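What follows is one structure encoded as structure tokens, with my remarks underneath.
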Amino acid sequence: MMDPLTTRPLALLAEVTYRCPLQCPYCSNPLELGRYRKELDTSTWVRVFREAAELGVVQLHLSGGEPLVRRDIMELVQEASRAGLYTNMSTGATVVDDRKLEQLREAGLDHLQVSLLDTEPESNDRLAGAASFDRKRQAVLGAKRLGFPVTLNVVLHRQNLDRIAEVIAIAQEWKVNRLELAHTQYTGWAFRNRAALMPTRKQLERAHEVVERARAAGTGGVDVLHVLPDYYFDQYPKACLQGWGMVSMSVAPDGFVLPCQTAREIPGLEFPNVSEYSLEQIWTGAPVFKRFRGTDWMPEPCRSCDKKEVDFGGCRCQAFLMTGDVNATDPVCQLSPQHHLVDEALKEAEQDAPPLHFRVMSS
Amino acid sequence: MTQKFPITYPVLATGTRYRWDKVRNQHQLVFPEGMMVLNEPGRAIVKLCDGRSTDDLIAALKETYPGSEPSDDVFEFLDQLAERGLIHDGSVDD
């Protein structure tokens, strides 16, 4: 059994705001965004970063929402970097110009991740709910000029998957260091839009071939990471978070600390807040972090499965969203008694897609 | 050419940096989305990836570890780093 005192978190996701100028229909933020408008102030975030470094966090991921809408973002980056954290930022890159990029560089940001929704500007802008393609392009080129390592993050789904070859080509053209091709994870807004986002099997097979062929031919200095959709390819679920409360933690804009940023969707879980406890107290003692840590919580078929320390029972959010029971085996697992839910979703994906619900702040 | 290693002037890639982890008492090489734990010789090699030639790097290692004959395993390690994109050739623009 792991000991949380010796196993310390390597990564902290800091969602510094849920505010965002974009409306991506697969956003991982909660559906009821309007309920969470409160945001931690600068000094509290700075304390959180210092506590994270003390606790053993190596990688900090500044995200949101759009982290760059916070007026104190440069100070946050600077203090995180000063605390000794390797500082990454995920941005939609619509509110950044060369001057801001330079400030980020000076503040000590180590790595910039820019989202791109599609290689077709009209499709990108339609999916984002805002004209943003050109700004994203400018931001990537500007960041590369300044010497940032840049990752281009492209979330894949049925509306852009047929252009995966173009995605790889644009990553090469823009000379990004890494390309993250991540199939939509069906939580948050993406679960709500699942029928409109799930690709057909044919689309997936073709895309998979394109990526493999591009890799074999060499991607010209671009490191391509391909995250496959677990509904289709896996007999066993993904090792979500590499285990609940094992290597990472998330702090939401209002200071609540979650084992995973989408865990807020699970009713009945009580999350501690950084205003009341230190990160160390939370990591070692908060009941919500212990709830699914290790294997003691597991039901059958997980309990007697020899893969239980490989996939840790899969994704708790996915199990809850699909089955209504947070303790259930992730239905992606072929051994799950509710695996038929995945088959039904796959069948649905072969039908015509319904319209998308775009992310909105009101609720 | 006896060496397989194609980089003659190894330098750490942008975004890759050495870090001492005082919580775990570890030498680490950190980079976007990842981390590699280094042993003492690994740390010594990484610190020498500053654009000097591999010949100079080997010479410096011999000074650090008197009596050692570093060669193959050093190149193996450098190969590993290059494969993961953590070092590149400082004499070539990328």
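The values are calculated or read from the model by the stated rules, or taken from the named source; none is laboratory data. Fair warning: this is a prediction, and the values are worked out from it, not measured in the lab. A quick note on method: Cβ atoms are made from the backbone with ideal geometry, for glycine too, and the neighbour counts reach across all protein chains shown. What goes into the accessible areas is simple: the full protein's heavy atoms, side chains included, and nothing from ligands, DNA or RNA. Shrake-Rupley method; radii C 1.70, N 1.55, O 1.52, S 1.80 Å.
Quick check: anything in the range A:19-34 in contact with a strand residue (DSSP E or B) (Cβ under 6 Å, 6 or more places away or on another chain) and under 27 Å from A:Leu321 (Cβ atoms)? Yes, the range A:19-34 contains a residue that is in contact with a strand residue (DSSP E or B) (Cβ under 6 Å, 6 or more places away or on another chain) and under 27 Å from A:Leu321 (Cβ atoms).
Can you work out which of the residues in the range A:131-162 that are in a loop (DSSP other than H, G, I, E, B) and either open to solvent by less than 10 Å² (accessible area, probe 1.4 Å) or touching a His at 6+ places or on another chain (Cβ under 6 Å) (or both) is farthest from A:Trp174 (Cα to Cα)? Here the answer is A:His157. The residues of the range A:20-39 that are over 25 Å from B:Pro32 (Cα atoms) and in contact with an Asp or Glu (Cβ under 7 Å, 6 or more places away or on another chain), listed by number, are A:Pro21, A:Pro30, A:Tyr36, A:Lys38, A:Glu39.
State which residue is modelled with the lowest pLDDT when the search covers only the range A:30-48 and only residues that are of a type outside the set (Phe, Trp, Tyr) and outside any helix (DSSP H, G or I).
Ranking the qualifying residues of the range A:30-48, first place goes to A:Glu32.
Out of A:Ala207, A:Ala195, one residue alone is touching a residue at least 12 places away in the same chain (Cβ under 8 Å), crowded, with 17+ Cβ neighbours inside 10 Å and in a helix (DSSP H, G or I). It is A:Ala207. Criterion applied to A:Leu346, A:Leu356 was being farther than 27 Å from A:Arg50 by Cα, at pLDDT below 95 and in a helix (DSSP H, G or I), and the one residue passing it is A:Leu346. Considering the range A:79-114, and only residues there that are of a type in the set (Ser, Thr, Tyr) and within 12 Å of A:Leu68 (Cβ to Cβ), the residue that is nearest to the other protein chains (Cβ to nearest Cβ) turns out to be A:Ser90. Is at least one residue of the range A:223-245 in contact with a helix residue (DSSP H, G or I) (Cβ under 7 Å, 6 or more places away or on another chain) and in a strand (DSSP E or B)? Within the range A:223-245, one or more residues are in contact with a helix residue (DSSP H, G or I) (Cβ under 7 Å, 6 or more places away or on another chain) and in a strand (DSSP E or B). Can you find a residue in the range A:49-65 that is modelled with pLDDT of 95 or more, more than 14 Å from every other protein chain (Cβ to nearest Cβ), buried (at least 24 other Cβ atoms within 10 Å of the Cβ) and assigned to a helix (DSSP H, G or I)? There is at least one residue in the range A:49-65 that is modelled with pLDDT of 95 or more, more than 14 Å from every other protein chain (Cβ to nearest Cβ), buried (at least 24 other Cβ atoms within 10 Å of the Cβ) and assigned to a helix (DSSP H, G or I). With respect to the conditions (1) within 23 Å of the chain's Cα centre (by Cα); (2) open to solvent by 40 Å² or more (accessible area, probe 1.4 Å); (3) not acidic (Asp, Glu), A:Ala217 lacks only one, and its number is (1). Pairing residues of the range A:140-168 that are within 12 Å of chain B (Cβ to nearest Cβ) and hydroxyl-bearing (Ser, Thr, Tyr) with residues that are outside any strand (DSSP E or B) and open to solvent by less than 10 Å² (accessible area, probe 1.4 Å), at Cβ distances under 8 Å and at least 6 apart in sequence or on separate chains, gives A:Thr151/A:Val176.
The rows are residues; the columns are (1) more than 9 Å from the chain's Cα centre (by Cα); (2) closer than 22 Å to B:Gly15 by Cα.
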| position | (1), (2) |
| --- | --- |
| B:Arg52 | yes, yes |
| B:Glu63 | yes, no |
| B:Asp73 | yes, no |
| B:Leu78 | no, yes |
